[in-house]
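Every number here is computed from the coordinates shown, using simple stated rules; none is lab data. Computed from a predicted structure; not experimentally measured. Every residue, glycine among them, receives a Cβ derived from its backbone with ideal geometry; neighbour counts consider all protein chains shown.
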Amino acid sequence: MLLEGKTVLVTGASAGIGRAVAIGCAQHGADVALNFARDVDGAQAAVAEIEKLGRRALAIQGDVADPETATDFVAQAADKLGRVDVFVNNAGICPFHAFLDMPVETFERTMRVNLHGAYFMVQAAANQMVKQGDGGAIIAMSSISALVGGEYQTHYTPTKAGLHSLMQSVAIALGKHGIRCNSLFPGTILTDINKDDLADAEKRRYMEGRVPLGRLGQPEDLVGPTVFLASDLARYVTGASLLVDGGAYVNLQ
Ligand SMILES: NC(=O)C1=CN([C@@H]2O[C@H](COP(=O)(O)OP(=O)(O)OC[C@H]3O[C@@H](n4cnc5c(N)ncnc54)[C@H](O)[C@@H]3O)[C@@H](O)[C@H]2O)C=CC1
Ligand SMILES: C[C@H](O)[C@@H]1OC(=O)[C@H](O)[C@@H]1O
């Protein structure tokens, strides 16, 4: 059990990648605190799955765009589960929209959820880890979009590059505390975030055709890489990033 005895916190964990990662960490021995925005049923179902595995789980509601959600989430998780060993910053939105008429509210909301929210969550988790005094691991669900652009993602891709940049800087700031900070770069993973975009059959075929491994990703494809970075197997890995994209990024022609 790679995460035996560890407590893992995951944001945006009622669905998609966050849910898969929360349950996957429990399968590897962790107790888990899940942040969720609105989907009470989804969060409770994830808690029930984790408890079925014999692990402790806790769902705490909050909008990550509000800095107070971060301190509340970490304080409640530490109080009820005892400590914070691993923090996975996963919550994110990608409301596809063209650049030239991007609504100010869409731009600002995307920044606030994906980047500002991450900043305060990571800060709150790090403060708890420093207080505990025995290190920790922070993992950001960045994206292949930190490296490449998207016509309808001009507000989104900078948040993913920013998230990776945040991991690089906090890797330096927190190294002295034994806290490792890394990014995962998922490619196209089938979740609610891109359901509408990939409902276009031609676009979906094009995206699938770009993947050397021959399929789009599933949320569970992120479990192994997350568990690795969270575990002591990655004890000398910090400030790094790992593409989890079936090879899409390197596939030029
Ligand atoms: N699906 C994909 O192809 C890729 C996804 N990602 C990233 O993975 C992360 C998870 O996304 P998916 O699971 O794909 O999408 P999803 O839409 O299934 O999950 C996103 C989760 O974030 C939560 N969330 C959204 N706004 C929130 C807020 N203000 N406060 C708290 N929670 C909030 C949602 O409720 C949901 O549970 C996101 O950061 C996304 O940018 C990165 C690369 C590719
Ligand atoms: C939501 C998109 O399908 C998804 O988000 C990302 O970060 C990937 O680059 C994909 O474009």
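So the values come out like this:
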{"quantity": "Relative packing of 182-189, 197-204, 222-229, which averages over residues the other C-beta atoms within 10 Å, highest first", "calculated": "182-189, 222-229, 197-204"}
{"quantity": "Among 152, 119, 206: highest mean-square fluctuation, GNM of the chain, C-alpha pairs under 10 Å", "calculated": "206"}
{"quantity": "Compactness index (Cα Rg / 2.2 N^0.38 Å), the stretch 90-135", "calculated": "1.62"}
{"quantity": "With Cα atoms, 0 to 90° folded angle of helix 16-27 axis to the chain main axis", "calculated": "30 degrees"}
{"quantity": "Tilt relative to the chain, helix 117-132 - C-alpha long axis, 0 to 90 degrees, to 10", "calculated": "20 degrees"}
{"quantity": "Of 111, 102, 129, the one that fluctuates the most in a GNM where the chain has Cα springs shorter than 10 Å", "calculated": "102"}
{"quantity": "The chain - mean residue ellipticity at 222 nm from DSSP helices (-39,500 (n - 2.57) per run, n ≥ 4, rounded to 500)", "calculated": "-12500 deg cm²/dmol"}
